[in-house]
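The structure under discussion appears below in the form of structure tokens.
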């Protein structure tokens, strides 16, 4: 068996201003099947997501929306 490779994608999210914002976005994105980590930065407005396969952008958009923020797109 070969080792599974992970996919890292950086998304631009608008509206994050603090650590609470980062936590909310990271938590929602971490709930998507296949996501192994999600790290948001209010300073850059970016979220780095590592998953076992490319993610459906609509699922990412829905998770960010659920957290109360807006997905701008891939950074």
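Structure data summary
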item: Failed criterion for residue 55 (all others in (1) closer than 12 Å to residue 11 by Cα; (2) under 9 Å from the mean Cα position of the chain (by Cα) hold); result: (2)
item: Tally of residues being without any contact (Cβ under 8 Å) to a residue 12 or more places away in the chain and over 15 Å from residue 28 (Cβ atoms) across region 49-74; result: 0
item: Odd one out for residue 37 among (1) surrounded by fewer than 16 Cβ atoms within 10 Å (Cβ to Cβ); (2) within 10 Å of the chain's Cα centre (by Cα); (3) without any contact (Cβ under 8 Å) to a residue 40 or more places away in the chain; (4) assigned to a helix (DSSP H, G or I); result: (4)
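The rows are residues; the columns are (1) assigned to a strand (DSSP E or B); (2) crowded, with 18+ Cβ neighbours inside 10 Å.
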| position | (1), (2) |
| --- | --- |
| 10 | yes, no |
| 32 | no, no |
| 50 | yes, no |
| 58 | no, no |
| 64 | no, yes |
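Where a number appears in this text, it was derived from the coordinates with a stated rule and is not lab data. What you see is a predicted model; the values in this text were computed from it and never measured. Positions of Cβ are backbone-derived with ideal geometry, glycine not excepted, and every protein chain shown enters the neighbour counts.
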